[in-house]
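J.: Handing you a structure now.
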Amino acid sequence: MLMPSPICVHLQCPFTSPLLGNPIRFKSNFRINHSKTQRASYAPNLPEKNDIVSNQKENNGLPIKENLDERTTKLGRRSLVDKIKALPSKEKTEIITSPELNGDLGTILEFNDMLWALLTAQEPDLALKLFDEMSSCGLVPDSWTFSIVIRCYCENKNLGEAERVLGYMLENGFRPNFSAVTVLLNSLSKKGKLQRAFGVLDIMDKIGLKPTVQTYNCLLKGLCYVGRVEEAFEMLVRMKKEAIVEPDIFSYTAVMDGYCKVGRSDEAVELLNEALEMGLAPDVFTFNTLFNGFCIEGRPLEGVKILKLMKEKDCKPDYISYSTLLHGLLKWRKTKTALRIYNEMLGIGLNVDKKMVNSLVRGLCTRSCKGRKEDLFEDAYLVFEKLKSDDDSVIDPSTYDLVIQALCMEKKTDEASVNLRKMIQMGFSPRMVTFNGVIQALCVEGKVIEALFVLASLNEGGRVPSRVCYSILIDELNRHGSTLGACYMYGAALKRGLIPSSKPQQ
């Protein structure tokens, strides 16, 4: 029977979801104008002209409108959304629920455009609030309306509600559009909800939506995310053998990333070689996956080989490529190679993370102090000086300590003294071994006065010199025949409760 006036119809539809296993219920209230729809209930066979998408990629699932006036109205609506977005939360809600706004949304096309504008403006909550107010507009949702709502729930990470909306649509004869279903499948995959994601894939098949390679890539990444790498690899093989879809480089990269994260980078390289044989062009993300994998496994030098291959394939390394590799080389103490990568980064104009530069300086100084054959100290000091000259430089105290110790070993006592004073001026507290090293280096060169100044700087800083400091100075004063000075040093040590290993000469 037709009703003469608008009424509210309460919808409550049970849906046994293959995704969730249990019956679910989707509730909504719509005001249906029966004089327009000539239906006494929420009918499943509403027109779906808004659900037609001519070019998914270029139009993001939006209906194509040929009329210039409609496009102008749409631009005005987006401008309105931008203004709403800038308002405080309370005022946003008031505008969305205002009769004035609802009065401007006289058709389902205009309503859907407003919903989509709110979603693309990253205001899914407002879009859902507007959807709740749909009955006040006297409008009935169509397939495109529900498809937008699914995407809103996905944006809010409320995947259970998104599935319920999808279930409601299927139960009532609506056809979700491809982009909404793909977004839901991708969201489930990212959360590791693979059983439910594969359920959505089954639904796509049943309603005639053909999955693309991007759809399968979402599942490949989801499988790898939860550690089911073998299943991901088997799916990749099936995609090729059964000609389901032709895998692209992103398909291979997804599985390679899964292998790298479980310590199987060699198998990831085999997949890379297979992709190259198929004529696919690896991108920077593909190679970065391998850099990360080899560095996690403690094999950063293998990553250097991949860097060479990357350049041969005309793929330009980015900041992440170099930083990942440099971090791995420093972590596994491949200092000399790390220096080469650092210089390469500077050569192409990339800024190196200051923490990694500090680590590089320390690594070079440590190798230098251990007496390695490589002459790395000059390189270490050059890197250190550049670090100091940078406006935003942050030098770690341990970096200063090691540089000063290396300077002492290289018999560059003047530079060591200058850096020690600089370190103290910056508010750092040098380690006692650093003070001892500078005092000893000065004494070896006969600069006992300068050594005494270093001891004085210790006292001024409120720190107690070690017995080693006093012993070094007593030996040097004895060597210079300054018995009185040696006695003074010995007495000062005793006053501090320290017993030097050296005594003044009699």
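J.: What does the stretch 464-505 give for Rg and for Dmax, in Å, if only its C-alpha atoms count?
T.: Final numbers for Rg and Dmax: 8.9, 26 Å.
J.: With 31 Å as the limit, write out which pairs from 190/210; 308/355; 190/241; 316/370 have Cα-Cα distances beyond it, or answer none.
T.: Beyond 31 Å between Cα atoms: 316/370.
J.: Filter 90/129; 193/240; 411/447 down to the pairs with a C-alpha to C-alpha distance above 18 Å, please.
T.: Check vs 18 Å cut-off fails for 193/240.
J.: Averaging sequence separations of C-alpha pairs under 8 Å and six or more residues apart, then dividing by the length of the stretch 283-341, give the relative contact order as a whole percent.
T.: Relative contact order of the stretch 283-341: 38 percent.
J.: Could you look at the stretch 464-505 and say what percent of its accessible area is carbon and sulfur, using a 1.4 Å probe and all protein chains?
T.: The computed percentage sits at 59.
J.: Pairs 305/354; 336/386; 334/412: which are spaced more than 21 Å apart, C-alpha to C-alpha?
T.: 305/354; 334/412
J.: Out of every Cα-Cα pair in the stretch 110-212, what percent are more than 17 Å apart?
T.: I get 49 percent for the Cα pairs in the stretch 110-212 exceeding 17 Å.
J.: Please give the Cα centre distance for the stretch 440-464 versus the stretch 217-255, rounded to the nearest Å.
T.: About 66 Å separates the Cα centre of the stretch 440-464 from the one of the stretch 217-255.
J.: While we're on this one: Considering all alpha-carbon pairs of the stretch 144-201, what whole percent are spaced by more than 20 angstrom?
T.: Value for the stretch 144-201: 12 percent of Cα pairs lie more than 20 Å apart.
J.: Okay, moving on. Given an 8 Å cut-off on Cα distances and at least 6 residues of separation, report the relative contact order of the stretch 464-505 as a percent.
T.: Computed over the stretch 464-505, the figure is 50 percent.
J.: Could you compute the FRET efficiency for residue 230 and residue 132, with r as their C-beta to C-beta distance and R0 at 45 Å, rounded to 0.05?
T.: That gives a FRET efficiency of 0.50.
J.: Further question on the same structure: Reachable aspartates and glutamates from residue 261, Cα under 20 Å, same-chain residues fewer than 8 places away excluded?
T.: Cross-link targets: 230, 231, 234, 270, 274, 283, 297, 302.
J.: Could you work out the local net charge near residue 188, counting Lys and Arg as +1, Asp and Glu as -1, over the other residues with Cβ closer than 9 Å to its Cβ?
T.: Summing Lys and Arg as +1 and Asp and Glu as -1 gives +3.
J.: When 1/r is averaged over all different Cα pairs and the result inverted, which Kirkwood radius in Å belongs to the stretch 262-313?
T.: Evaluated on the stretch 262-313, it is 11.0 Å.
J.: List the equivalent ellipsoid semi-axes of the stretch 375-506 in whole Å, largest first, each obtained as the square root of 5λ for an eigenvalue λ of the Cα gyration tensor.
T.: Semi-axes from the Cα gyration tensor: 30, 16, 10 Å.
J.: Full extension from residue 273 to residue 428: what is 0.36 nm times the residue separation minus their Cα-Cα distance, to one decimal in nm?
T.: 50.7 nm
J.: Continuing with the same structure: Sort 360-367, 433-440 by the packing proxy (mean of other Cβ within 10 Å over each peptide's residues), most packed first.
T.: 360-367, 433-440
J.: Let me ask another. Using Cα-only point scatterers and the Debye equation, what is log10 of I(q)/I(0) for the stretch 187-279 at each q in 0.10, 0.18, 0.23, 0.24 Å⁻¹, rounded to two decimals?
T.: With no solvent term, the Cα-only Debye profile gives -0.24, -0.77, -1.19, -1.27.
J.: Oh, and also: Which peptide among 200-206, 386-392 comes first, and what is the full order, when sorted by highest mean count of other Cβ atoms within 10 Å?
T.: Ranked from most to least packed, the peptides come out as 200-206, 386-392.
J.: Could you give me the radius of gyration and the Dmax of the stretch 311-403, taking only the C-alpha atoms into account and expressing both in angstrom?
T.: When restricted to Cα atoms, the stretch 311-403 yields Rg and Dmax of 13.3, 43 Å.
The values are calculated or read from the model by the stated rules, or taken from the named source; none is laboratory data. It should be emphasised that the depicted structure is a prediction, and the values quoted were computed from it without experimental measurement. We place every Cβ from the backbone using ideal geometry, glycine too, and count neighbours over all the protein chains shown. Just the protein is used for accessible areas: all its heavy atoms, side chains included, with ligands, DNA and RNA removed. Shrake-Rupley method; radii C 1.70, N 1.55, O 1.52, S 1.80 Å.
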